[in-house]
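Peer 1: Pasting a structure here, questions to come.
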Amino acid sequence: MESPQPVPRTPPKNVGLLELIRSKREQNWKASVEELKQGFRGWHQRGYLPHFDAPGVTRFVTFQLHDAFPVTRRPELEAILKEHDESTRRRKLEVWLDRGHGDCWLRGREVAEVVEKTLLEADGCAYRMQTWVVMPNHVHLVVDVWNVPLVKLINSWKGRSSREANKLLGRRGAFWQEDYYDTLIRGEAQLKRAIRYTEQNPAKAFLAKDARGWSWSSARYRDDYERLPWQRTE
């Protein structure tokens, strides 16, 4: 079955978002010439959400399938994205995603395995994956960004996984939504909370009895000391 091709469009002009990005650029990290050449943009936007891209940071990232927010209910999504408080915005977004809107292609074993494999292919070489979970209509992950910009990593993950997933599903067209949500991890305590949230998401959404019971998550790789394989050799 073929899905209709999305109509090309430019990101909306969000004056409030543009002002926020301008303010953050003046107050925060600025890329060097070399980092700019690598593609690091610092604070930037893609029409809906603020993003921060710099080397040597840890980011909590969420991206979802293209139909996770039905077009008929787009105003509800836009209202969520306009929330000024970041924690409130993320909480409302997570509640929406866990309702399981859309076709939920990631519920299929083969498709979920393709996505998880894609996320881990360059783990330890181009970045370090701290945690991840593939949910029915979205993905959560926490990644240490090294020398490849986050936006390039996400575009690569989405591009390769969407091609393979569409082949399995016998369809064409958009697979992932264009934008993504990312939060800067500041310190060990916030990192632990993000890892716990990510790995507990299937149980919280009543998809598994516990974190280790979900097949496409970092939780099932942890040992009795809560270490991932790469952490056991360091």
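The values are calculated or read from the model by the stated rules, or taken from the named source; none is laboratory data. Keep in mind that what you see is a predicted model, and the values were worked out from it rather than measured. Cβ sites come from the backbone with ideal geometry, for glycine too, and all protein chains shown count toward neighbours. Ligands, DNA and RNA are excluded from the accessible area calculation, which covers all protein heavy atoms including side chains. Shrake-Rupley method; radii C 1.70, N 1.55, O 1.52, S 1.80 Å.
Peer 1: Could you order His140, His66 so the one with the most accessible surface comes first? Probe is 1.4 Å.
Peer 2: Most to least solvent-accessible, the answer reads His66, His140.
Peer 1: Listed highest first by mean packing, meaning other Cβ atoms within 10 Å per residue, what order do 205-214, 30-39, 156-165 come in?
Peer 2: My ranking of the peptides, most packed first, is 156-165, 205-214, 30-39.
Peer 1: How many percent of the accessible area of segment 91-170 is carbon or sulfur, using a 1.4 Å probe?
Peer 2: Carbon plus sulfur share of accessible area: 49 percent.
Peer 1: Might you work out the accessible area of Arg128 for me, using a 1.4 Å probe with all protein chains in place, and round it to the nearest 10 Å²?
Peer 2: 40 Å²
Peer 1: Mind giving me the nanometre distance, one decimal, between the label points for Glu110 and Thr233, set 7 Å out from Cα along Cα→Cβ?
Peer 2: Here the modelled spin labels are 3.2 nm apart.
Peer 1: Another question about this same structure. Largest first, what is the accessible-area ranking of Asp67, Asp53 with a 1.4 Å probe?
Peer 2: Asp67, Asp53
Peer 1: Grab the Cα-Cα distance for Arg91 and Glu226, subtract it from 0.36 nm times how many residues apart they are, and report the gain in nm with one decimal. List each step's numbers first, then the result.
Peer 2: On the way: separation 135, 0.36 × 135 = 48.60 nm, distance 2.55 nm.
The span from Arg91 to Glu226 would gain 46.0 nm if fully extended.
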